[in-house]
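These notes concern the structure reproduced below.
The values are calculated or read from the model by the stated rules, or taken from the named source; none is laboratory data. On a predicted model such as this, the values are computed, not experimentally measured, just so you know. Cβ: placed from backbone, ideal geometry, glycine included. Neighbour counts: every protein chain shown. Quick note on the areas: whole protein, heavy atoms, side chains included, nothing else; ligands and nucleic acids left out. Shrake-Rupley method; radii C 1.70, N 1.55, O 1.52, S 1.80 Å.
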Amino acid sequence: MTDEAAPEPLFRDDVSVELVRHSAQDSDVLWAARVSTAGEQSLEEAHKDPERSKGLINYLMRDRHGTPFEHNSMTFLVSAPIFVFREFHRHRSGWSYNEESGRYRRLQPVFYVPGARRKLVQQGRPGKYEFVAGTAEQHDTVVTVMEESYRQSYAAYQRMLEAGVAREVARAVLPVGLFSSMYATCNARSLMHFLSLRTKDERATVPSFPQREIEMVAERMEQRWAELMPLTHAAFNAHGRVAP
Ligand SMILES: Cc1cc2nc3c(=O)[nH]c(=O)nc-3n(C[C@H](O)[C@H](O)[C@H](O)COP(=O)(O)OP(=O)(O)OC[C@H]3O[C@@H](n4cnc5c(N)ncnc54)[C@H](O)[C@@H]3O)c2cc1C
């Protein structure tokens, strides 16, 4: 038996992304790149001549010299539905993850329900999908059906916990719309690769068609990163949003 009272379900239409730690600035790219020509003096060279620095970052981005963009680190705390994490964890290179456990703690009833502006209707063929706004009735149906279904599955989970069943067994009934949380650590190069695939942007030379909810996470990460590394971010946009 569990002595914890069942919490009321909470329904969210957003995601959250917090930058919890970072060691990332444009000068990290410069000193890493300048070791090629300045050897052990490259650290001192990093802050000299801003125009030359901008030029060097642009050149590295344009010619896809990627490794100087790896000498930095950003750790994000992300809260998003499990279906977003399923897509996120496919990004293997230059990423480290730790996610909350459904074995060691009772999962909280926080569920994703699309907001009124989320496009609901898919048109076209695979690879060429377009999403258009649904009607007010379609949106009402989505909200009603999802909330009802989430309540039922969480009640089933709770019932099993109350019967003494282990969390790792009971969680099987919970849906992918349940929120989870994780720390995700990356560097600018791996983040650029992620952004190139998980955002839709007119400046991209190779367009991608991500699911809106992972794009919401990507947009928040990009905002934080752009504040830390404005020259690198500008060069990424200027060169078609292709990871070097
Ligand atoms: C719009 C969209 C739709 C998708 N649809 C599906 C789908 O229907 N089904 C599905 O399973 N996945 C799907 N994916 C996931 C996709 O196949 C990739 O797993 C995901 O985008 C991560 O990309 P990545 O492998 O390039 O990234 P990472 O794993 O971070 O790898 C980065 C880069 O490292 C190199 N690399 C990494 N591992 C290897 C390796 N083993 N061998 C050689 N090179 C390697 C590659 O150059 C790779 O691009 C989709 C992704 C997007 C963006």
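Per the 1.4 Å probe, what fraction of the accessible area of the chain, in percent, lies on carbon and sulfur atoms?
49 percent
Which of the GluC sites (Glu not before Pro) across segment 200-244 are loop residues per DSSP, with 14 or fewer other Cβ within 10 Å?
Details: sites: Glu202, Glu213, Glu215, Glu219, Glu222, Glu227; in loops: Glu202.
Loop-located and lightly packed - Glu202.
Report the label-to-label distance for Arg62 and Val173 in nanometres (one decimal), using points 7 Å from each Cα along the Cα→Cβ vector.
It is 6.1 nm.
Could you state the accessible area per residue of segment 159-244 in Å², with a 1.4 Å probe and every protein chain left in place?
Values: 3900 Å² over 86 residues.
About 45 Å² of surface per residue is accessible.
Which order do Phe83, Phe88 take when ranked by solvent-accessible area (1.4 Å probe, heavy atoms of all protein chains), largest first? Walk me through the intermediate numbers first.
Working: Phe83 45, Phe88 0 Å².
Result of the area sort, largest leading: Phe83, Phe88.
Evaluate E = 1/(1 + (r/R0)^6) for Lys200 and Ala155, where r is the Cβ-Cβ distance and R0 equals 35 Å; express this FRET efficiency to the nearest 0.05.
Computed FRET efficiency for Lys200 and Ala155: 0.40.
Segment 125-215: which trypsin sites (Lys or Arg not before Pro) are DSSP loop and have at most 15 other beta-carbon atoms within 10 angstrom?
Lys128, Lys200, Arg203
For the pair Ala116 and Tyr129, how long in nm is the line joining their label points, each one 7 Å along Cα→Cβ?
2.5 nm
With everything on Cα atoms, drop me the angle between helix 50-62 and the longest principal axis of the chain, reported from 0 to 90° to the nearest 10.
Helix 50-62 and the main axis of the chain meet at about 60 degrees.
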